[in-house]
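Nothing in this text is a laboratory measurement; each read-out follows from the coordinates by a stated rule. Model, not experiment: these values are computed from the prediction. Don't worry about glycine lacking a Cβ; one is built from the backbone with ideal geometry, like all the others, and counts go over all protein chains shown.
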Amino acid sequence: MTRTSLIAVVFVAGLGIGYFAHSAVGMLWRRTNTADLAAIEKAHQEEIEV
């Protein structure tokens with residue numbers, strides 16, 4: 001394998017890893033955000049009842 005093709009393989013692998021990591025963090029943030037919004041809504045409803 002030549003040096004150029006090795007660099008290309010490493011570059012493509014880095015892009016794939018970066019894409020996966022970005023997707024995983026985005027998914028985690030959406031779950032956390034949904035849970036936070038649900039907790040805020042619950043607190044708001046309790047405040048209205050008081």
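Values for this structure:
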{"quantity": "Residues of the chain satisfying the condition of being surrounded by 10 or more Cβ atoms within 10 Å (Cβ to Cβ) and acidic (Asp, Glu)", "calculated": "Asp36, Glu41"}
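Table: residues versus (1) of a type in the set (A, V, I, L, M, F, W, C); (2) not in a helix (DSSP H, G or I).
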residue: Met1; (1), (2): yes, yes
residue: Ile7; (1), (2): yes, no
residue: Ala13; (1), (2): yes, no
residue: Gly18; (1), (2): no, no
residue: Met27; (1), (2): yes, no
residue: Glu41; (1), (2): no, no
residue: Gln45; (1), (2): no, no
residue: Ile48; (1), (2): yes, no
